[in-house]
Each structure stands twice: as C-alpha cells, then as structure tokens.
1. Just to be sure before I move on: is ARG81 more than 13 Å from the chain's Cα centre (by Cα), loosely packed, with under 14 Cβ neighbours inside 10 Å and among the charged types (D, E, K, R) in the structure I sent?
2. Confirm whether GLY73 is of a type outside the set (Val, Ile, Thr), in a helix (DSSP H, G or I), at pLDDT 85 or above and in contact with an Asp or Glu (Cβ under 9 Å, 6 or more places away or on another chain).
3. Of all residues in region 24-70, which are among the hydroxyl-bearing types (Ser, Thr, Tyr) and either in a helix (DSSP H, G or I) or under 9 Å from the mean Cα position of the chain (by Cα) (or both)?
4. Of everything in region 20-35, what is in contact (Cβ under 8 Å) with a residue 40 or more places away in the chain and either more than 26 Å from GLY61 (Cβ to Cβ) or among the charged types (D, E, K, R) (or both)? Give them in sequence order.
5. Can you say whether PRO20 is buried (at least 18 other Cβ atoms within 10 Å of the Cβ) and either assigned to a helix (DSSP H, G or I) or out of contact with any strand residue (DSSP E or B) (no Cβ under 8 Å at 6 or more places or on another chain) (or both), as far as the supplied structure shows?
6. Given (1) open to solvent by 100 Å² or more (accessible area, probe 1.4 Å); (2) aromatic (Phe, Trp, Tyr); (3) touching a Phe, Trp or Tyr at 6+ places or on another chain (Cβ under 6 Å), identify the lone condition not met by PHE72.
Amino acid sequence: MVELSFGLVILLVCVLALKPIISKTDRPNFRYIPVATLLFGAMIWLVMAIGVGGKMGIGYGVMSIVYFIACFGAYMYVHTRAS
C-alpha cells in the first residue's frame, strides 16, 4: 500500500508542476516533460500490475489507468496552452 500512496503523491506533484513549467518555458518541447513523466509512470504501473497479479495487481492496474487519464489531460492542457 505504500507504493500506491507514493504513486499518488508523485501524480499530484506532476499535475501541480504542469502550470509553472508551461508558463516559464520558452522552448515548446520542454512543455511536454510532465506529460512524458506521467506516461512513463503509467507504463511502470502497468508492468507492475501484470507482474504482481491478485489484489495488489488490481490496485496497480487502477493506478495505471489513473496515470494514463492524467497523462491525456496533461497533454490536452499543454496542447491548448501552446496553440
């Protein structure tokens, strides 16, 4: 359970850091760093869900889905701010 709470903290930090990174960055490619971080986290949770199985695997799978949704939302936020 410690992993899931740690994952939620990382998720919140990435989402909250999205706005300052976008507003202070001049290079357009650097705006996608939080999106890439969330996508990487989602892939790690997915691999852990497949590897562990059982109750913890379901928890990891849910975290993977949450990270994928946050990644999509962050991408849409960056894309609408950039254009």
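1. Working: more than 13 Å from the chain's Cα centre (by Cα): yes; loosely packed, with under 14 Cβ neighbours inside 10 Å: yes; among the charged types (D, E, K, R): yes.
In short, yes.
2. Values: of a type outside the set (Val, Ile, Thr): yes; in a helix (DSSP H, G or I): yes; at pLDDT 85 or above: yes; in contact with an Asp or Glu (Cβ under 9 Å, 6 or more places away or on another chain): no.
In short, no.
3. Of all residues in region 24-70, those among the hydroxyl-bearing types (Ser, Thr, Tyr) come to 25, 32, 37, 60, 64, 67.
Across region 24-70, the qualifying residues are TYR32, THR37, TYR60, SER64, TYR67.
4. Just the residues of region 20-35 that are in contact (Cβ under 8 Å) with a residue 40 or more places away in the chain, to begin with: 22, 28, 31-32, 34-35.
The answer is ILE22, PRO28, ARG31.
5. Values: buried (at least 18 other Cβ atoms within 10 Å of the Cβ): no; either assigned to a helix (DSSP H, G or I) or out of contact with any strand residue (DSSP E or B) (no Cβ under 8 Å at 6 or more places or on another chain) (or both): yes.
Answer is no for this residue.
6. The one condition PHE72 does not meet is (3).
The values are calculated or read from the model by the stated rules, or taken from the named source; none is laboratory data. On a predicted model such as this, the values are computed, not experimentally measured, just so you know. Glycine also receives a Cβ, built like all others from the backbone with ideal geometry; neighbour counts cover every protein chain displayed. When the accessible area is computed, the model is the full protein with side chains, heavy atoms only, and any ligands, DNA or RNA have been set aside. Shrake-Rupley method; radii C 1.70, N 1.55, O 1.52, S 1.80 Å.
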